[in-house]
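The values are calculated or read from the model by the stated rules, or taken from the named source; none is laboratory data. Computed from a predicted structure; not experimentally measured. Glycine gets a Cβ as well: all are built from the backbone with ideal geometry, and neighbour counts include every protein chain shown. Each accessible area value is taken on the protein alone, full model and side chains, heavy atoms only, with ligands, DNA and RNA left out. Shrake-Rupley method; radii C 1.70, N 1.55, O 1.52, S 1.80 Å.
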Amino acid sequence: MDRRRILWIEFAVVLTLFWLPVTVSGLSAYFFPSITTASIGWESEVGRLVSNIAVIVPLLFIIYASADDPKSFGLKLFGVAKTILLAIATLVVLRFSYALVYVSLHAVTPDSVAISRQIARHNVGRPIPGPAIWVFRLLIFLLSAFEEELIWRGYTLTRLNELLGNRWAALIVSSALFAIYHIYEGLTFLPIVFVHGIIFGLVRTWSGSLAPGTLAHTIYNCLSMAARTS
């Protein structure tokens, strides 16, 4: 079996394991909230942490078990100062693009189900006593951001670059999958998430590292959660 066919099989397996369950769950929560909202049990903080690890560890194993250099998947350092500066610049672009896309679509306020699903995914659960809760939540935000960057800008974008033979096609397809992955946020937000996927993909391509995107993604999620719960 040639390498291309092996990679397509590997890619299909990864999507089945890490994209399909979340997407189906998100579609169910969006279209049938009365059925699925009470049945999803990973919304506690500890459960969210476990779900992050349950994705990161197997995907890292797949990457390191492959014949490719892990650095080609963005698993390398970019320099502390450059990472921070690029993350800040990415944040500015993300916020600007959010406002631009949101206004251009004349979007209405997302329905309460979409908002509650977004908040539940990143925050609520049984509280951890004492100030340790803030450290724990920051860890969750960091792992959640790294999980998504690893899936979409690390593995998916890298594999599609080779399989499609066109970096722009790979960027568009990976961003589309990334947007659908966030269907639980509501249909209104899909174009916004798609544009954010393009931005994160460009940062990953330019820097060659997942570090700047992960840092920007972490801070962006923290700020978004603070705004939605204030």
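Check every one of the helices (runs of 4 or more DSSP H) wholly within the range 5-102 and list those with 2 or more residues that are modelled with pLDDT of 95 or more and of a type outside the set (Asp, Glu).
Numbers: elements: 20-31, 33-36, 45-65.
By residue number, 45-65.
If you check every pair at least six apart or on different chains, which have Cβ atoms under 7 Å apart with a residue in the range 139-158 that is under 12 Å from HIS217 (Cα atoms) first and a residue that is crowded, with 22+ Cβ neighbours inside 10 Å and of a type in the set (Ser, Thr, Tyr) second?
Listed pairs, sorted by first residue: ALA145/THR214; PHE146/THR214; GLU149/THR214.
Do any residues in the range 79-94 that are more than 15 Å from VAL193 (Cα to Cα) have Cβ atoms under 8 Å from those of residues that are open to solvent by 70 Å² or more (accessible area, probe 1.4 Å) and assigned to a helix (DSSP H, G or I), where the two are at least six apart or on different chains, and which pairs are they?
none
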